[in-house]
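Peer 1: Mind looking over this structure? Questions follow.
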Amino acid sequence: MKSGLIRFGVMVGGFTLGFWVNLAVAKDLVLAEVHPAGHVIVKSEELFGNRLAAATHGELKIDLKSGGQLGNETQYWSKVRDGSIDIVRVNMGVLVNDVLAAKYMSLPYLFRSRDHMWRVLGGDFGKRTAADIDKAGAVVLAYYDSGTRSFYTSKKPIRNRSDFSGMRIRIQDSPVYKDLITELGGTPVVIGYDKVVDAFKKGEIDAAENNLPSYVSSEHYKYARYFNLDEHSSVPEVLLMSKKTWNTLSAEQRKAILAAANDSAEYMKKQWVDYEAQALATAKKEGVTIVDKRQINMTGIEEFAVRLYSKYITDANDLNTVLSIMRTK
Ligand code: GTR
């Protein structure tokens, strides 16, 4: 975060002497993002920046570093907590090791639909998640859509659980995903999002999993030609500010940040469905084989996937939380 400087000049004996006075009039807040320009998340962040600059008359500005310029999401999560990056946008899956609520959210087949997920995030669970993240050192500015994640494969489509056998599948660094792939019979391989293309090229992985927009915008579709719509999880995105930065802001500035972040999340909600449809159309146009859910023996897959619940629901507290998510109408 850079503070603003104002230049003053005085005339001394016919010469102008310039000097800088730090009045802290403007702040550039760095926002780190792995997605490239053009991705709907980046567009939402641009809107966030524009609204914030307008609301604060240029006092707060967003310096958006997209396309992974500042590293990967695991690094973002640690840097936003130590204050070396002001704002980051990460997938909740990245927080699993430090935030219990993220672990629950990553459980496969937990959310029935996108609307269900939004109702859960808009209720007590969303508040609890924000409180857990706060304890871990960051402030939740907004949640963003992330659709549903499905497996995409390079060698063969997935029709049954047995198709996972021997498959090397790229995952985010999350114990839940590690266990999910192992339950399904595959081998989990933890790799940063920016290294997935390389891993496909080198034959280090046969599959990965993500939502359709990320599958297309990251060009993973060029290497994994089957997109299997098993829709195993819906883990939202989150926009986070470092508590160190937050603590330097006035009450008005904080209000402006939350309002701009909320506007960007609302914008994103409106764009998401279209963006997903466009990604599906692009994948089809590029010759990807889309394996519909009805072509997959989902009973077998779901059965193994939900075995994970017994590992992650260890006490009454866990059970009540997961049940309250499931019961949310
Ligand atoms: C995307 C998500 C990214 C990143 C990526 C991944 O859906 O938007 O933030 O987490 O998945 O799988 O690494």
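Each value in this text was obtained by applying a stated rule to the coordinates, not by laboratory testing. This structure is a prediction, so every number in the text was calculated from the model and none was measured. Ideal geometry is used to build each Cβ from the backbone, glycine not excepted, and the neighbour counts take in all protein chains shown.
Peer 1: So if each residue of separation counts as 0.36 nm, and I subtract the Cα-Cα distance between residue 247 and residue 292, what length gain in nm does that give?
Peer 2: Additional length available on full extension: 11.4 nm.
Peer 1: Mind scanning 61/103; 156/270; 27/135 and naming the pairs with a C-alpha gap bigger than 31 Å?
Peer 2: Working: 61/103 33 Å; 156/270 34 Å; 27/135 25 Å.
Distance filter (> 31 Å) returns 61/103; 156/270.
Peer 1: Could you identify which residue out of 224, 131, 32 has the top mean-square fluctuation in a GNM of the chain using Cα springs shorter than 10 Å?
Peer 2: Among 224, 131, 32, the largest GNM mean-square fluctuation belongs to 131.
Peer 1: Report the FRET efficiency, 1/(1 + (r/R0)^6), for residue 302 and residue 128, where r is their Cβ-Cβ distance and R0 is 30 Å, rounded to 0.05. Mind dumping the intermediate values first?
Peer 2: Numbers: r = 27 Å, r/R0 = 0.88.
Efficiency at R0 = 30 Å is approximately 0.70.
Peer 1: Something else now. Among 198-205, 312-319, 179-186, how do they line up by average Cβ neighbours within 10 Å per residue, starting with the highest?
Peer 2: Top of the packing list down: 179-186, 198-205, 312-319.
Peer 1: Testing the spin-label approximation: label points 7 Å from Cα along Cα→Cβ at residue 327 and residue 195. State their distance in nm.
Peer 2: 4.4 nm
Peer 1: Work out the charge dipole of segment 21-133 with +1 on the Cβ of Lys and Arg and -1 on the Cβ of Asp and Glu about the Cα centre, then indicate which of 93, 76, 110 is farthest towards its positive end.
Peer 2: Of the listed residues, the answer is 110.
Peer 1: I need the fraction of alpha carbon pairs in the chain separated by more than 27 Å, rounded to a whole percent.
Peer 2: 47 percent
Peer 1: Turning to a different aspect of this structure: Quote the charge dipole size of segment 222-329 about the Cα centre in Debye, to the nearest 20; the model charges only the Cβ of Lys and Arg (+1) and of Asp and Glu (-1).
Peer 2: Computed charge dipole of segment 222-329: roughly 160 debye.
Peer 1: With a 10 Å cut-off between alpha carbons and a GNM built on the chain, which of 231, 33, 73 moves the most?
Peer 2: Fluctuation is largest for 231.
Peer 1: What fraction of the DSSP beta bridges in the chain is antiparallel, stated in percent and rounded to the nearest 5?
Peer 2: Of the beta bridges lying entirely in the chain, close to 65 percent run antiparallel.
Peer 1: Checking the table 43/155; 178/201; 43/255 against a 24 Å threshold on Cα-Cα, which pairs fail? It would help to have the intermediate numbers written out before the result.
Peer 2: On the way: 43/155 34 Å; 178/201 22 Å; 43/255 22 Å.
Going by Cα-Cα distance, 43/155 fall outside the 24 Å limit.
Peer 1: Given the C-alpha centroids of segment 157-177 and segment 250-329, what is the distance between them in whole angstrom?
Peer 2: What the calculation gives is 18 Å, centre to centre.
Peer 1: Further, regarding this structure: Ranked highest first by average number of other Cβ atoms within 10 Å, how do 291-298, 238-245 line up?
Peer 2: 238-245, 291-298
Peer 1: Moving on to the next point. In segment 274-329, what GluC sites (Glu not before Pro) fall in a loop by DSSP, with at most 12 other Cβ atoms inside 10 Å?
Peer 2: Passing sites in segment 274-329 are 286.
Peer 1: Continuing with this model, one more query. Label 7 Å along Cα→Cβ of residue 278; segment 187-226 residues with amide nitrogen under 16 Å?
Peer 2: Counting only backbone N, you get 212-219.
Peer 1: Based on Cβ point charges of +1 for Lys and Arg and -1 for Asp and Glu, what charge dipole magnitude is obtained for the chain about its Cα centre, in debye rounded to the nearest 20?
Peer 2: With Lys and Arg at +1 and Asp and Glu at -1, about 160 debye.
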